[in-house]
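Here the structure is laid out as structure tokens; the discussion comes afterwards.
The values are calculated or read from the model by the stated rules, or taken from the named source; none is laboratory data. Fair warning: this is a prediction, and the values are worked out from it, not measured in the lab. Don't worry about glycine lacking a Cβ; one is built from the backbone with ideal geometry, like all the others, and counts go over all protein chains shown. These accessible areas exclude ligands, DNA and RNA; they are computed on the full protein's heavy atoms, side chains included. Shrake-Rupley method; radii C 1.70, N 1.55, O 1.52, S 1.80 Å.
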Amino acid sequence: MIEVKLHDIGEGITEGEITHFHVSPGDAVKIDQPLVEVQTDKVTAELPSPVAGTVKEIKASEGEVVTVGTTIILIEKEGSVSGGGGSSDAPKAEEKPKSTHAEEVKKQRTHTAVQTMERLTRRVLAAPYTRKIARDNNVDIEQIEGTGPGGRVTEQDVYTFIDGGSKSQPVSEPVAEETGGNSVAQQPVYKSLEAKEIPFKGRRKQIAQKMTQSLYTIPHVSHFDEVDLTNLLDLKKSLKAADPDGSKGMNVSLAAFFVKALQLALRDYPIFNAKLDEENEVIRLEGEVNMGIATDADDGLIVPVVKNVEQKSIATINSEMKDLIQKAKTNKLKPSEMKGGTFTISNVGPLGSTGATPIINHPEVGLMAFHKTKKMPVVINDEIVIRSIMNVSMTFDHRVADGATAVAFTNRFMHYIENPAAMTLELI
């Protein structure tokens, strides 16, 4: 009998929560076939089958937190003797009369196994949280056509499928009713909200613990300002025009420029690229700038880290950032890609945010959030001109730095953004 155990999926992982079993007892499984989905404090991973065989027993349950080394599933290897050590002198003649019930069970298991195999051979792409939404609503996710990249099923696809599947139920569309020859519009019937409970565990709980630790440990202060993006947008536009198909890597996101400008500003104000070691009563200034990128994934907030941005061009930062964000959204980040951050950014402008007071990613000292960019009239040299203005919020640990330093740091960042030529000059 082969024991499938929770192994150390990554660095420092000691336990994980079982979020979903892909198989049931009696299912036939192939080598590397996903058996169970496990969420740790860093990643969501699937444990594959080490052998081909039959699932004999599932020794844990969904929602259970198990430690590394715990046996989760028992598999009888293909070709091994069945019976679990049963004695050969069992009266075979007596087994035949009992075969009616046994055969029914066997047929049912075979049917389940066939269904499972059919399902797995066409397993759609979807994040674990999206799968969970489907399971919670008793929806077979394999029946849903994904609209995401590569046919990935998104959270919205599931809800759309659910809405489409309930067309036979009363909906809120007003219906005209004829009365005495006159058409009278019926009062609209509004679809009521669904009352339900969402388990507070997994990544949601981990985010809550992290935020609570940060907020209760660090005295947060947020400084707000406005930065003129007009010149940077012009530069970005000219780079894109010079590289229309993106083959030269010149079509980069604004966030990549923000990261480089922050790295240059942190060089001048390293107090915000530091960690406070209270136990040893020392503030440690970090030797490199590792930029955390707050990313909104299906399972919640996750922060991949672009390492050593002081050694990288804007184009390289852009490329690595896109790759990490894509991994974050598809739950493919390695634990090492989420460690070692020294400063974090939150780019919520594309979502429509105009202001926020973000929580610092403990034990870092600062976090800068970028908000919505709007064209607005601005007075320059006593003339009213239209400029593209973006709000920024700089949140910092007031134990480590003061407001005046935070304002100076933000001004330095804004200098580079409003004068991108100066930023490129620093790179030479």
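The lone criterion from (1) part of a loop (DSSP other than H, G, I, E, B); (2) open to solvent by 40 Å² or more (accessible area, probe 1.4 Å); (3) in contact (Cβ under 8 Å) with a residue 60 or more places away in the chain; (4) of a type outside the set (Phe, Trp, Tyr) left unmet by Leu276 is number (1). Considering the stretch 54-97, and only residues there that are open to solvent by less than 60 Å² (accessible area, probe 1.4 Å) and on the phi > 0 side of the Ramachandran plot, the residue that is modelled with the highest pLDDT turns out to be Gly69.
So that you can scan it fast, the table gives a plain yes or no per residue for (1) of a type in the set (D, E, K, R); (2) assigned to a loop (DSSP other than H, G, I, E, B):
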| residue | (1), (2) |
| --- | --- |
| Ala315 | no, no |
| Glu320 | yes, no |
| Ile325 | no, no |
| Leu333 | no, yes |
| Ile345 | no, no |
| Gly355 | no, yes |
| His362 | no, yes |
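Applying the condition of being open to solvent by 70 Å² or more (accessible area, probe 1.4 Å) and under 23 Å from the mean Cα position of the chain (by Cα) to the stretch 28-53 and asking which residue is farthest from Thr14 (Cα to Cα) yields Glu46. For Ile386, the requirement of being modelled with pLDDT of 95 or more, exposed (fewer than 13 other Cβ atoms within 10 Å of the Cβ) and outside any helix (DSSP H, G or I) is met.
Applying a threshold of 9 Å to beta carbon distances and a minimum spacing of six or more residues, or different chains, the list of pairs starting in the stretch 202-215 at a residue that is in contact (Cβ under 8 Å) with a residue 40 or more places away in the chain and ending at one that is aliphatic (A, V, I, L, M) and exposed (fewer than 14 other Cβ atoms within 10 Å of the Cβ) reads Arg204/Ile198.
Being open to solvent by 60 Å² or more (accessible area, probe 1.4 Å), of a type in the set (Lys, Arg) and in a loop (DSSP other than H, G, I, E, B) is a property that Lys375 lacks. In the stretch 248-263, the residues that are assigned to a loop (DSSP other than H, G, I, E, B) reach residues that are hydrophobic (A, V, I, L, M, F, W, C) and open to solvent by less than 40 Å² (accessible area, probe 1.4 Å) with C-beta atoms within less than 6 angstrom, at least six apart or across chains, in these pairs: Val252/Ile314. Taken over the stretch 127-143, the criterion of being modelled with pLDDT of 75 or more and either more than 15 Å from the chain's Cα centre (by Cα) or over 15 Å from Leu35 (Cα atoms) (or both) is satisfied by Thr130, Ile133, Ala134, Arg135, Asp136, Asn137, Asn138, Val139, Asp140, Ile141, Glu142, Gln143.
Within the stretch 389-413, work out how many residues are within 20 Å of Thr217 (Cα to Cα) and either modelled with pLDDT under 95 or hydrophobic (A, V, I, L, M, F, W, C) (or both). Residues flagged as within 20 Å of Thr217 (Cα to Cα) and either modelled with pLDDT under 95 or hydrophobic (A, V, I, L, M, F, W, C) (or both) within the stretch 389-413 amount to 5.
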